[in-house]
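Here is the structure we will look at, set down as structure tokens.
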Amino acid sequence: MVKKTDNPDFVNTVRDSAQQIWLAGLGAFAKAQAEGSKVFESLVKEGSTVQRKTQAAAEDKFGDVGARMSGMAGEMGAKATQQWDKLESIFEDRTARALERLGVPTARYVQALEARLAALEGVVAAMSEAKAAPQGAAAKRAASKRAPVKRSAARSETAATPRKTPVRKRSV
């Protein structure tokens, strides 16, 4: 129910207020139409600024994630390398033990034998030179007058055949 008021001033005041609200709305609409393109452009600028900031933040986050992933990949690679090295070491140890059981000489042992052989060759060469030095021209003439000694075929074959001796392991 609508109640009629007895106060005409009140009614006029309400009517005037409604009229002013209506006119303010029309004015705002007209101003929005006139300045709408300016406001639109302003909103586009603000939106592009916000978008750039958002993209920069996202790229930072992706960069952090990428760095973390690279770090994790590096750690995994290092762990894989450690495991591979461990496996290689186990294989080398087992192979060395198997070769040792078979009596195969080690590289160090062969190097030591080569060094001893070189030393012996030096001693033999020195002894040969020492023996040849005291012989003078007379000894050489006497040696040339002697008849050559013929050896039997069986003896020369055994002298040419090397003696087979088992290789003994020595720790160096």
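The values are calculated or read from the model by the stated rules, or taken from the named source; none is laboratory data. What you see is a predicted model, and the numbers here were worked out from it, not measured in a lab. Glycine also receives a Cβ, built like all others from the backbone with ideal geometry; neighbour counts cover every protein chain displayed. Accessible surface is based on the protein model in full, side chains and every heavy atom, while ligands, DNA and RNA are left aside. Shrake-Rupley method; radii C 1.70, N 1.55, O 1.52, S 1.80 Å.
For segment 95-104, the criterion of being outside any helix (DSSP H, G or I) and surrounded by 10 or more Cβ atoms within 10 Å (Cβ to Cβ) is satisfied by at least one residue.
Could you figure out which of (1) at pLDDT 90 or above; (2) exposed (fewer than 10 other Cβ atoms within 10 Å of the Cβ) isn't true of ASP85? So the condition that ASP85 fails would be (2). On the given criteria, is VAL50 at pLDDT below 85, β-branched (Val, Ile, Thr), open to solvent by less than 100 Å² (accessible area, probe 1.4 Å) and assigned to a helix (DSSP H, G or I)? No.
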